[in-house]
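Remarks on the structure that follows.
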Amino acid sequence: MEHKIVYQIYPKSFMDTNHDGEGDLRGIITKLDYLKDLGVDVLWLTPVFVSPQNDNGYDVADYYHVDPRFGTDADLDELIQKARDKGMDIMLDMVFNHTSTEHEWFQKALTGDKKYMSRYFFTKEKVNWQSKFGGSAFEYVEELDLYYLSLFDKTQADLNWENEAVFNELVKICNYWLDKGVRGFRFDVINLISKPKVYQDDEIGDGRRFYTDGPKVTEYLRKLGALSFAKDPEVMTVGELSSTSLKKASQYSKRDESGLSTIFNFHHLKVDYKDGNKWALKPFDFIELKTLYHDWQLGMVKENASMSLFLSNHDQPRALSRFTDESFEGATMLMNMIMSLKGVVYLYQGEEIGLPNAYFDTLDMYRDVESINHYHILRKNHTEAEVLKILKARSRDNGRTPIPWNHQAHYGFSSKVPWIPFSQSPNLKTVEENINDPHSIFHYTKKVIQLRKSDEVLIYGDIEFIDLDHPNLFIYKRHFNEETYLCIHNFYNLEVHYPYHYEAIVIHNYASIKKDTLRPFESIIVKI
Ligand code: TEU
Ligand code: CA
């Protein structure tokens, strides 16, 4: 699995082919040669199932059919086949912690049908748990004089995995798509599926300590795996884990267990949260970032478990803007790092062309439910300017702007004004510009992908961290058989003196070496 590169696609912002300003499945089909040329092996699509799109598809109303916004069921079949013909697998995003309140199960529950009510969490009393998008996690239903649990938006009702009928439905859905030729699943917030029997107020937090990494998550996952995806070792699965721990995470992706292939944890993407608060800004803590990689890389190896390597996705500001000056050197330093750590590499659309954050200046440019909710929450005790500054740094829309393919109308993404504005950054370069420039971030990414997929030291080698307290450099070695690589990444826009010896250069994001020196965002991997 570690030799495969996964490319995450946010279909709504990838390529539009039917002139409605929203990306679609046929748009992805038109770009398969581009993705094949880039060298990726698996295409992860965020949800394309029927959905009212209140949370951009993470509110699923029908798990068996494609939302007309994205195309037809036949379009998805064609994408699966055509990707396969080019040696790429399709990974679908399974949102099994909750359904949309538009889903027929929930609609039947609203009629008071006990059989369907027990598929969710209806309760007479509510407790003080908070939704991840702000506000109470319990929504009141007058007709039933009951509340239901919704940890995200109120139109996303949490599913009761303890209910056999629910579990069997989810097994059926997985096997349906496996029979359709899908070769991968990403499981959304999968460590929230084991809720406590009794709810209690949280005196200190927002309630997540009562429902995160619950007692039955491992059992549920291994059972689901045994009845569906783990039957075929070629099927790649990844679990998105919210606020998890190394101990728990390693349980879910133990090799040789019918659990997940790998997991996503997010601690390394909270190193710029002031006091752990997403909506409070501070410069990223570099030492903490390196220490987290040290602990998780070695911890997962010790537990014989596998982790994913990623820096950006559709919920995060773009790493290029978050950790660097958006330069070629910044982008390729991050690329060298993610491709030389231990695990399965996930790239997010746009990283291969150095696409920066959105840089939206006004609220009306934002689309994300979480961002708009928090605009109003933060405005209670912040000025307009302060809130817009926080959103500019933290909003999920930073990762959701459309791909700029070329300099035709609407950057060749659509013939219509797109559903969300393009990045307003002056550093934006199109895919076409990248392809036409041999020294571009695109061609460098292609080269380092080739290296990562063919180099056993980077794929299988042990990892050893060095000088973790260095203020500017991230340094580690990879060992495999007799070979050792030294990897050095300068995370800062300054020159650093650091003596190192080498036998040969494996990859370098500068044209030549300056003895014992790492220039701004310089990154080199050498054989020693
Ligand atoms: O994200 C879960 C999750 O943890 C994020 O919502 C995260 O908490 C938030 O972005 C941090 O601010 C998954 C999906 O990736 C996300 O797009 C969905 O909104 C969410 O689940 C609910 O399905
Ligand atoms: Ca479209």
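The values are calculated or read from the model by the stated rules, or taken from the named source; none is laboratory data. Treat the numbers as computed from the prediction; the structure is a model and nothing was measured. Don't worry about glycine lacking a Cβ; one is built from the backbone with ideal geometry, like all the others, and counts go over all protein chains shown. The accessibility values were calculated without ligands, DNA or RNA, using every heavy atom of the protein model including side chains. Shrake-Rupley method; radii C 1.70, N 1.55, O 1.52, S 1.80 Å.
Among the residues here, LYS389 qualifies as in contact (Cβ under 8 Å) with a residue 24 or more places away in the chain, open to solvent by 20 Å² or more (accessible area, probe 1.4 Å) and either within 23 Å of ASP325 (Cα to Cα) or in a loop (DSSP other than H, G, I, E, B) (or both). State which residue pairs qualify: first residue without any contact (Cβ under 8 Å) to a residue 40 or more places away in the chain and inside the range 85-101, second residue more than 10 Å from ligand 1 (Cβ to nearest atom) in any location, beta carbons under 7 Å apart, and separation of 6 or more residues or different chains. Nothing qualifies. Out of all the residues in the range 299-306, is one or more within 25 Å of MET91 (Cβ to Cβ), part of a helix (DSSP H, G or I) and either within 14 Å of ligand 1 (Cβ to nearest atom) or open to solvent by 30 Å² or more (accessible area, probe 1.4 Å) (or both)? Taking every residue of the range 299-306 in turn, at least one turns out to be within 25 Å of MET91 (Cβ to Cβ), part of a helix (DSSP H, G or I) and either within 14 Å of ligand 1 (Cβ to nearest atom) or open to solvent by 30 Å² or more (accessible area, probe 1.4 Å) (or both). Taking SER395 as the residue in question, decide whether it is open to solvent by 10 Å² or more (accessible area, probe 1.4 Å) and touching a residue at least 12 places away in the same chain (Cβ under 8 Å). Criteria not met by SER395. Screening GLU219 with (1) away from ligand 1 (no atom under 14 Å from the Cβ); (2) under 16 Å from the mean Cα position of the chain (by Cα) gives one miss only, at (2). For beta carbons closer than 7 Å, sequence separation of 6+ or different chains, a first residue in the range 234-248 that is farther than 19 Å from HIS98 by Cβ and away from ligand 2 (no atom under 16 Å from the Cβ) and a second that is open to solvent by 10 Å² or more (accessible area, probe 1.4 Å) and acidic (Asp, Glu), the qualifying pairs are SER245/ASP213; LEU246/ASP295; LYS248/ASP213.
For the range 15-41, enumerate the residues that are more than 16 Å from ligand 2 (Cβ to nearest atom) and either more than 19 Å from the chain's Cα centre (by Cα) or more than 19 Å from PHE442 (Cβ to Cβ) (or both). Answer for the range 15-41, where residues must be more than 16 Å from ligand 2 (Cβ to nearest atom) and either more than 19 Å from the chain's Cα centre (by Cα) or more than 19 Å from PHE442 (Cβ to Cβ) (or both): LEU32, ASP33, TYR34, LYS36, ASP37, LEU38, GLY39. On the basis of being at negative phi, within 16 Å of ligand 1 (Cβ to nearest atom) and modelled with pLDDT of 95 or more, does GLY225 make the cut? No.
Candidates are the residues of the range 468-523 that are free of Cβ contacts under 8 Å to residues at least 40 places away in the same chain, β-branched (Val, Ile, Thr) and not in a loop (DSSP other than H, G, I, E, B); the one that is most open to solvent (accessible area, probe 1.4 Å) is ILE505.
Taken together, the criteria exclude ILE459 from residues that are within 16 Å of ligand 1 (Cβ to nearest atom) and either touching a residue at least 24 places away in the same chain (Cβ under 8 Å) or of a type in the set (Phe, Trp, Tyr) (or both). Right, VAL48: buried (at least 24 other Cβ atoms within 10 Å of the Cβ), more than 13 Å from ligand 2 (Cβ to nearest atom) and closer than 19 Å to TYR348 by Cβ or not? Against the criterion (buried (at least 24 other Cβ atoms within 10 Å of the Cβ), more than 13 Å from ligand 2 (Cβ to nearest atom) and closer than 19 Å to TYR348 by Cβ), VAL48 does not qualify. Exactly one condition in (1) within 16 Å of ligand 2 (Cβ to nearest atom); (2) over 18 Å from the mean Cα position of the chain (by Cα) is not met by ALA83; state its number. In the conditions (1) within 16 Å of ligand 2 (Cβ to nearest atom); (2) over 18 Å from the mean Cα position of the chain (by Cα), ALA83 misses (1) alone. Within the range 1-9, at least one residue is closer than 17 Å to VAL345 by Cα, within 16 Å of ligand 2 (Cβ to nearest atom) and open to solvent by less than 50 Å² (accessible area, probe 1.4 Å). Checking the structure you have, find out if any residue of the range 271-284 is touching a strand residue (DSSP E or B) at 6+ places or on another chain (Cβ under 6 Å) and farther than 30 Å from LEU378 by Cβ. Among the residues of the range 271-284, not one is touching a strand residue (DSSP E or B) at 6+ places or on another chain (Cβ under 6 Å) and farther than 30 Å from LEU378 by Cβ, which makes the answer no.
Scanning the range 314-337 for residues that are within 16 Å of ligand 1 (Cβ to nearest atom) and either surrounded by fewer than 22 Cβ atoms within 10 Å (Cβ to Cβ) or at pLDDT below 95 (or both) turns up ASP315, GLN316, ARG322. For the range 422-468, what are the residues that are among the small types (Gly, Ala, Ser) and in contact with a Lys or Arg (Cβ under 7 Å, 6 or more places away or on another chain)? Of everything in the range 422-468, just one residue is among the small types (Gly, Ala, Ser) and in contact with a Lys or Arg (Cβ under 7 Å, 6 or more places away or on another chain), namely GLY461. PHE442 - would you say it is crowded, with 19+ Cβ neighbours inside 10 Å, closer than 27 Å to THR430 by Cβ and in contact with a His (Cβ under 9 Å, 6 or more places away or on another chain)? No; evaluated as a whole, the condition is false for this residue.
Being in contact with a Phe, Trp or Tyr (Cβ under 8 Å, 6 or more places away or on another chain) and more than 21 Å from THR291 (Cβ to Cβ) is the filter here, so list the residues in the range 252-277 that pass it. Within the range 252-277, GLY259, LEU260 meet the criteria. Could you please give the count of residues in the range 398-419 that are buried (at least 16 other Cβ atoms within 10 Å of the Cβ) and either closer than 24 Å to LEU269 by Cα or among the charged types (D, E, K, R) (or both)? Residues that pass the stated criteria total 6.
If you go through the range 17-52 and keep only what is in a loop (DSSP other than H, G, I, E, B), more than 16 Å from ligand 1 (Cβ to nearest atom) and among the polar types (S, T, N, Q), you end up with THR17, ASN18. Remark: pairs (first residue in the range 305-322, under 15 Å from ARG186 (Cβ atoms); second residue open to solvent by 10 Å² or more (accessible area, probe 1.4 Å) and within 16 Å of ligand 2 (Cβ to nearest atom); Cβ separation under 9 Å; 6+ apart in sequence or on different chains) = HIS314/ASN56.
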